[in-house]
Amino acid sequence: IFSNIELLFVIGLPIGLAKKANARAALAAFVVYMTWNNFIETMLGFWGSSFGVDYSLEPGGVSGLKNIGGVKTLDTNLIGAILIAAI
């Protein structure tokens, strides 16, 4: 559960905030969050060294990378998930 806590926040926060159509809000937040992570993954694959990120390292530890939903992306912790879900 703790390795996917970002996904739980991305799905749970819109359910709690939406007054109507909370399932639609949760699905939209999930799609936007995963699209964001795929975008970051693609950027790091092309220009990771320009940003000071060694994309060849394994996720976890001090690499600054994390697997979120099967996507190797930057570890934005809960802050990134809460920002995307709140929007």
If exposed trypsin sites (Lys or Arg not before Pro) are those in a DSSP loop with at most 10 other Cβ within 10 Å, what is the longest stretch of the chain that has none? 21-87
Heavy-atom accessible area of Val53, protein chains in place, probe 1.4 angstrom, given in Å² to nearest 10, is 30
Quick check: at a probe of 1.4 Å, how many percent of the accessible area of the chain sits on carbon and sulfur atoms? 68
Which whole-Hz ³J(HN,Hα) couplings does region 10-15 yield from phi under the Karplus relation 6.51 cos²θ - 1.76 cosθ + 1.60, θ = phi - 60°, glycine and proline marked x? 5, 8, x, 4, x, 4
In the chain, taking the dipole from +1 charges on Lys and Arg beta carbons and -1 charges on Asp and Glu beta carbons about the Cα centre, the listed residue (Leu65, Trp47, Ser3) farthest towards the positive end is Ser3
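How large is the accessible surface per residue of region 33-87, computed with a 1.4 Å probe and reported in Å² as a whole number?
On the way: 3390 Å² over 55 residues.
Ligands and nucleic acids excluded, the result is 62 Å² per residue.
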Simple label model, 7 Å out from Cα along Cβ direction - Leu27 to Leu78, nm: 2.8
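The values are calculated or read from the model by the stated rules, or taken from the named source; none is laboratory data. Since this is a predicted model, take the numbers as computed values, not measurements. As a convention, Cβ positions derive from the backbone with ideal geometry for all residues, glycine included, and neighbour counts pool all protein chains shown. SASA here: full protein model, heavy atoms, side chains in, ligands and nucleic acids out. Shrake-Rupley method; radii C 1.70, N 1.55, O 1.52, S 1.80 Å.
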